[in-house]
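Trainee: Have a look at the structure that comes next, please.
What follows draws every value from the coordinates through simple rules; no lab data is involved. All values reported here derive from a predicted model rather than from experimental measurement. Glycine gets a Cβ as well: all are built from the backbone with ideal geometry, and neighbour counts include every protein chain shown.
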Amino acid sequence: MRTTPPGYRPPPDILAPMTSSRPDRAARGAGRYAPSPSGDLHLGNLRTALLAWAFARSTGRRFVLRIEDIDRVRPGAAERQLADLAALGLDWDGEPLLQSAREAEHRAVVARLTAGGRTYECYCTRREIQAAASAPHGAPGAYPGTCRDLDDAERARRRAERPPAVRLRAEVGSFTVQDRLHGAHTGLVDDFVLLRNDGRPAYNLAVVLDDAHQGVDQVVRGDDLLPSTPRQAYLAAVLGLPEPEWVHVPLVLNPHGQRLAKRDGAVTLADLAAAGHGPAEVMGWIGRSLGLPGRVRTAQDVLAVFDEDALPREPWVVDPAGWAAQRAVGTS
Ligand code: GLU
């Protein structure tokens, strides 16, 4: 049964709630969380995932997951990661995307860039790159372009020695992105690797293509990835893909100022549960670390009080050994 006449357009006031008060908050696409299944998620990962979810949901976006399994994969890790996200009360739209399932598309895009003269083969070993990149003159950390202008004979000779990686022929040396927390960030863009020399897609390529493929227009992730973002935004521009909104959130650090890791002690939901700290308590800790008012126990509690402007800009320093001690004191 037809309920609206043909050609019906809703009057402007029906659309108004979506678009009027804060146009930058109108529903557009999706936010995402994209863990690498190399192990269990620790508190830092969980906090970033919660933030990505809260940013997406508080702006009316979909929230999608992607398992970035083109690097190190530990069997069973992806399943445990999804179970942990669900245990914290995060929900997502559709099935998580397996990045490895898109390798053919990744390679097809590189083939197109290559056909347009936008790539070149690189035969450098890691050691050669390190030696060349630390030489005086070039930008620190930049690939110095050793293989950029080789002639055909030289390429044939080098190709016989070792399989090539494929690099982007960048036409800029830097690129500026706008980050919601960091403001304008200008960073290095060099001739970065698109396909590794085992033929597999490199992270900077896969992340750009898969975010576009999943309709992601808001990327919330740890601020350790801010330095890679100019490269990714530049690649999106080269490919004519829309650039997402960037939100690089502070990391969780151990008392030595290093990024939190499994070796720091009880930092995964499983470890913490074994030590008597269930998901609701962990959510409470994360909520406090985010400066949220009241006592949050679920992801929905977080969403109810989530305020992007009140987010701390400093890392959260945690001492898992301290928790154990606290608990021992509390239970003695
Ligand atoms: N897979 C990456 C990681 O787990 C995150 C990539 C991203 O968020 O862009 O560190």
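Trainee: Cα centroids of segment 135-210 and segment 27-87: how far apart, whole angstrom?
Mentor: So the two Cα centres are separated by 27 Å.
Trainee: Tell me which cysteines of the chain come out unpaired when the rule is another cysteine's Cβ under 4.7 Å.
Mentor: Cys with no partner Cβ under 4.7 Å: Cys124.
Trainee: Follow-up. Per residue Cα convex hull volume for the chain, in cubic angstrom?
Mentor: Numbers: hull volume 64.8 nm³, N = 332.
Hull volume normalised by residue count: 195 Å³.
Trainee: Continuing with the same structure: Each residue of segment 118-125 in order: what ³J(HN,Hα) in whole Hz does its phi give by Karplus 6.51 cos²θ - 1.76 cosθ + 1.60, θ = phi - 60°, with x for Gly and Pro?
Mentor: 9, 9, 8, 7, 10, 10, 5, 7
Trainee: Show me the GluC sites (Glu not before Pro) within segment 152-240 that DSSP assigns to loop and that have at most 13 other Cβ atoms within 10 Å of their Cβ. Each step should come with its number before you reach the end.
Mentor: Values: sites: Glu154, Glu161, Glu171; in loops: Glu171.
Loop-located and lightly packed - Glu171.
Trainee: Still on this structure: For a quick check: with amide H placed at 1.01 Å from N, whose amide H comes under 5 Å from Thr119's, ignoring anything fewer than 5 positions away on the same chain?
Mentor: Residues meeting the criterion, in which the H sits 1.01 Å from N, are Arg169.
Trainee: Turning to a different aspect of this structure: Specify the angular offset, from 0 to 90 degrees and rounded to the nearest 10, of the alpha carbon long axis of helix 152-161 from the longest principal axis of the alpha carbons in the chain.
Mentor: With rounding to tens, the tilt is 60 degrees.
Trainee: Arrange the following residues from fewest to most other Cβ atoms within 10 Å of their Cβ: Ser228, Ser134, Ser36. Don't skip to the end; give the middle numbers.
Mentor: On the way: Ser228 16, Ser134 11, Ser36 20.
Going from least to most buried by this count: Ser134, Ser228, Ser36.
Trainee: Using alpha carbons only, how many degrees (0 to 90, rounded to 10) separate the axis of helix 103-115 from the longest principal axis of the chain?
Mentor: Result, in degrees: 40.
Trainee: Check Leu194: other-chain or 5+ apart residues with amide H under 5 Å from its amide H, H built from backbone geometry?
Mentor: Amide H neighbours of Leu194, under 5 Å, 5+ apart: Val166, Arg167, Leu168.
Trainee: Let me ask you something else. Karplus couplings for segment 31-40 from phi (6.51 cos²θ - 1.76 cosθ + 1.60, θ = phi - 60°), rounded to Hz, Gly and Pro as x?
Mentor: After applying 6.51 cos²θ - 1.76 cosθ + 1.60, I find x, 7, 10, 10, x, 8, x, 9, x, 6 Hz.
Trainee: List, in order, the whole-Hz ³J(HN,Hα) value for each residue of segment 257-268 obtained from phi through the Karplus relation with A = 6.51, B = -1.76, C = 1.60 and θ = phi - 60°; use x for Gly and Pro.
Mentor: x, 9, 4, 4, 9, 4, 5, 6, x, 6, 10, 9
Trainee: Report, to the nearest 10°, how far helix 320-331 tilts away from the longest principal axis of the Cα atoms in the chain, using its own Cα long axis and a range of 0 to 90°.
Mentor: 20 degrees
Trainee: So if R0 is 41 Å, what FRET efficiency would Ser134 and Ala270 give, r being the distance between their Cβ atoms, rounded to the nearest 0.05? Can you show the working numbers first?
Mentor: On the way: r = 41 Å, r/R0 = 1.00.
Approximately 0.50, to the nearest 0.05.
Trainee: For the chain, set up a GNM with springs between Cα atoms under 10 Å and report which of Pro312, Pro140, Pro96 has the largest fluctuation.
Mentor: Pro140
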